[in-house]
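Asks: Quick one: the structure is below, and I'll ask about it shortly.
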Amino acid sequence: MIGFTCRSLAAAVGAIALGAIVLAAAQPAWAQADAAASYPSKPIRVIVGFAAGGGNDIFARLVGQKLSDILKQPVVIENKPGAGGRISAEYVAGQPADGYTLMVGASGMMSIAAATLPKLSYHPTKTFVPLAMIANFPLIMVVPVSNPAKSVKELVDWAKAHPDKANYATTSPAFTITSELLKLKSGMPGVAITYKSSNEMLLSVMGEQTLLAIADGPPTVPMVQGGKVRALAVTGAVRSSELPDVPSMAEAGYPDVDVYLWSGFFAPAGTAPAILAKLEDALRKAIQDPDVSGKLKAMAVNPGGGSSADFRRMIDADIEKFVAVVKAANLSFSD
């Protein structure tokens, strides 16, 4: 009888101990589920790695206001500029993965940096979860109006016939990589000439110091429309609504010169799946809202708002493509 009682007591103690272990193991999952169920219960910070008033800041504030309406919590935009946006990424990577600190990241600080900076301290799709692309936009290839080339093919032929005059203007890795991609796909020669700003770069084309530039729309479109430079193509498969008479690179015969710059929302890796799902759904609704998408289109960009999975695949494909260009063209970049 005593032996039976001891065995029963031992079994009971063992069961209690096992139950305690199971309970302790389950508590983090319960806590995570509770946090996700009540999310968001306080203001959400969105970190922007660029100064107030710039394109990414405008995107963040436009979408952030609608996101606040959807989630019923304030969305506070904080600017942490520096190092082309990389300072903000390093900061957000070190924040709690609780859904209350998000980031608006641009292609330059994410996919392009991952392809060009071997010592980058973060990875766009491993350190972070891509939530939603806000918008993307192509680049524009321009040449001096005095150049006889009226198409990309004619320019390639002209550069091959005049290799001593074949150069291109650039201000950033994005422009350099795109120009080098065109060289790789066309066989066109060309030496990079670096400038401090897009304005200086475009003035060099206008003044015939450089043969071509592949640049972003805001500084380029007015110069094209004003007849100061000639646009030969926009990167990608479709034409730009701002320059409807300018063919796409695909139409020009170079479909592989398919480069778009983009901006999007990111969360730190490790954020609870239920919180990520709420954020993805809310961001999709915010970006696709007619008022928001209409204002994005008015800025000459293509509104996003697709799935997180699509955004991740696009970034990974960008990195793979840019790494290949960097290796093939033997490029090197500094921080």
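Asks: Name the single residue that is farthest from the chain's Cα centre (by Cα) among those in segment 26-51 being farther than 25 Å from residue 72 by Cβ and at pLDDT 85 or above.
Replies: 51
Asks: Let me ask something else about it. Residues to consider are 221, 246, 229; find the one that is modelled with pLDDT under 95, touching a strand residue (DSSP E or B) at 6+ places or on another chain (Cβ under 9 Å) and farther than 30 Å from residue 39 by Cα.
Replies: Only one candidate qualifies: 221.
Asks: With open to solvent by 50 Å² or more (accessible area, probe 1.4 Å) and in a loop (DSSP other than H, G, I, E, B) as the only criterion, which of 52, 97 stands out?
Replies: Matching residue, one of 52, 97: 52.
Asks: Hey, another quick one. Can you tell me which residue is least open to solvent (accessible area, probe 1.4 Å) among those in segment 230-244 that are in a loop (DSSP other than H, G, I, E, B) and among the β-branched types (Val, Ile, Thr)?
Replies: Once the filter is applied, the top-ranked residue is 235.
Asks: Of the conditions (1) buried (at least 18 other Cβ atoms within 10 Å of the Cβ); (2) farther than 15 Å from residue 124 by Cβ; (3) hydroxyl-bearing (Ser, Thr, Tyr), residue 307 clears all except one; give me its number.
Replies: So the condition that residue 307 fails would be (1).
Asks: Could you please let me know if residue 217 is in contact (Cβ under 8 Å) with a residue 60 or more places away in the chain and open to solvent by 20 Å² or more (accessible area, probe 1.4 Å)?
Replies: Taking the combined requirement at face value, the residue does not satisfy it.
Asks: Whether any residue in segment 52-62 is touching a Gly at 6+ places or on another chain (Cβ under 8 Å), at pLDDT 90 or above and under 21 Å from residue 288 (Cα atoms) is what I want to check.
Replies: Yes: segment 52-62 contains one or more residues that are touching a Gly at 6+ places or on another chain (Cβ under 8 Å), at pLDDT 90 or above and under 21 Å from residue 288 (Cα atoms).
Asks: Among the candidates 186, 146, which residue alone is among the hydroxyl-bearing types (Ser, Thr, Tyr), in contact (Cβ under 8 Å) with a residue 40 or more places away in the chain and open to solvent by 40 Å² or more (accessible area, probe 1.4 Å)?
Replies: That would be 146, the only listed residue that is among the hydroxyl-bearing types (Ser, Thr, Tyr), in contact (Cβ under 8 Å) with a residue 40 or more places away in the chain and open to solvent by 40 Å² or more (accessible area, probe 1.4 Å).
Asks: Can you tell me which residue is nearest to residue 315 (Cα to Cα) among those in segment 113-142 that are under 10 Å from the mean Cα position of the chain (by Cα) and open to solvent by 10 Å² or more (accessible area, probe 1.4 Å)?
Replies: 133
Asks: Being open to solvent by 10 Å² or more (accessible area, probe 1.4 Å), among the small types (Gly, Ala, Ser) and closer than 26 Å to residue 320 by Cβ is the filter; apply it to segment 259-304 and report the residue that is nearest to the chain's Cα centre (by Cα).
Replies: Out of the qualifying residues, it is 304.
Asks: Shifting gears a bit: Can you tell me which condition residue 210 does not meet? The list is (1) under 22 Å from the mean Cα position of the chain (by Cα); (2) outside any helix (DSSP H, G or I); (3) among the β-branched types (Val, Ile, Thr); (4) crowded, with 17+ Cβ neighbours inside 10 Å, and all the others hold.
Replies: Exception for residue 210: condition (1).
Asks: Hey, another quick one. Filter segment 62-78 for residues that are touching a strand residue (DSSP E or B) at 6+ places or on another chain (Cβ under 8 Å) and β-branched (Val, Ile, Thr); which is most open to solvent (accessible area, probe 1.4 Å)?
Replies: 76
Asks: Would you confirm whether or not segment 220-229 contains a residue that is under 28 Å from residue 332 (Cβ atoms), part of a loop (DSSP other than H, G, I, E, B) and out of contact with any His (no Cβ under 9 Å at 6 or more places or on another chain)?
Replies: No: segment 220-229 contains no residue that is under 28 Å from residue 332 (Cβ atoms), part of a loop (DSSP other than H, G, I, E, B) and out of contact with any His (no Cβ under 9 Å at 6 or more places or on another chain).
Asks: For residues that are over 19 Å from residue 151 (Cβ atoms) and open to solvent by less than 10 Å² (accessible area, probe 1.4 Å), tally how many sit in segment 161-173.
Replies: 2
Asks: Polar (S, T, N, Q) and modelled with pLDDT under 95, is that true of residue 171?
Replies: Yes: the conditions hold for residue 171.
Asks: Now for a different question. Among the residues of segment 193-207, write down those that are without any contact (Cβ under 8 Å) to a residue 60 or more places away in the chain, of a type outside the set (Ser, Thr, Tyr) and in a helix (DSSP H, G or I).
Replies: Selection gives 199, 200, 201, 203.
Asks: Which pairs turn up if I take residues in segment 245-263 that are assigned to a loop (DSSP other than H, G, I, E, B) and look for partners that are open to solvent by 50 Å² or more (accessible area, probe 1.4 Å) and basic (Lys, Arg) with beta carbon separation below 7 Å, at least 6 apart in sequence or on another chain?
Replies: Note: pairs meeting the criteria are 246/239; 247/239; 252/153; 253/153; 254/185; 256/185; 257/185.
Asks: Which of (1) surrounded by fewer than 21 Cβ atoms within 10 Å (Cβ to Cβ); (2) outside any loop (DSSP other than H, G, I, E, B); (3) in contact (Cβ under 8 Å) with a residue 12 or more places away in the chain; (4) in contact with a strand residue (DSSP E or B) (Cβ under 8 Å, 6 or more places away or on another chain) does residue 59 not meet, given it meets every other one?
Replies: (1)
The values are calculated or read from the model by the stated rules, or taken from the named source; none is laboratory data. The structure presented is a predicted model; accordingly, all values stated were derived computationally and were not measured. Positions of Cβ are generated from backbone atoms using ideal geometry, with glycine treated the same way; all protein chains shown enter the neighbour counts. Remember, those area values only see protein heavy atoms, side chains included, never the ligands or the DNA or RNA. Shrake-Rupley method; radii C 1.70, N 1.55, O 1.52, S 1.80 Å.
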